[in-house]
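Have a look at the structure below, then the notes.
The values are calculated or read from the model by the stated rules, or taken from the named source; none is laboratory data. What you are looking at is a predicted structure, and each value in this text was computed from that prediction instead of being measured. Methodologically, a virtual Cβ is constructed for each residue, glycine included, from the backbone with ideal geometry; neighbour enumeration extends over all protein chains shown. The accessibility values were calculated without ligands, DNA or RNA, using every heavy atom of the protein model including side chains. Shrake-Rupley method; radii C 1.70, N 1.55, O 1.52, S 1.80 Å.
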Amino acid sequence: MTSTTFPRRLMEILETEDSTIINWDENGRSFQVLDSERFSKDVLPKYFRHRKLTSFQRQLNLYGFQRVHVGPLGG
């Protein structure tokens, strides 16, 4: 796997998958997984060799992504 494989797959997921599962937020600077169960079961196996949301999150962390908290304490 090359170092750019994960970001390319992430963009493909965001461009092609059902927006009720994963989509860009309103400002287009971040994305959100809206249905983690369907994301793990239906989306992850199409792009990766696993179904684990934690593995996906670990990859996001390796590429410098940060969790944005929504609400009065978050962005």
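Observations, loosely collected:
- Residue ID - nearest to the chain's Cα centre (by Cα), chosen from residues in the range 34-46 that are open to solvent by 80 Å² or more (accessible area, probe 1.4 Å) and of a type outside the set (Asp, Glu): 34
- If you go through the range 10-33 and keep only what is under 20 Å from residue 61 (Cβ atoms), assigned to a loop (DSSP other than H, G, I, E, B) and open to solvent by 90 Å² or more (accessible area, probe 1.4 Å), you end up with just 29.
- Only one of 7, 45 that is assigned to a helix (DSSP H, G or I) and in contact (Cβ under 8 Å) with a residue 40 or more places away in the chain: 7
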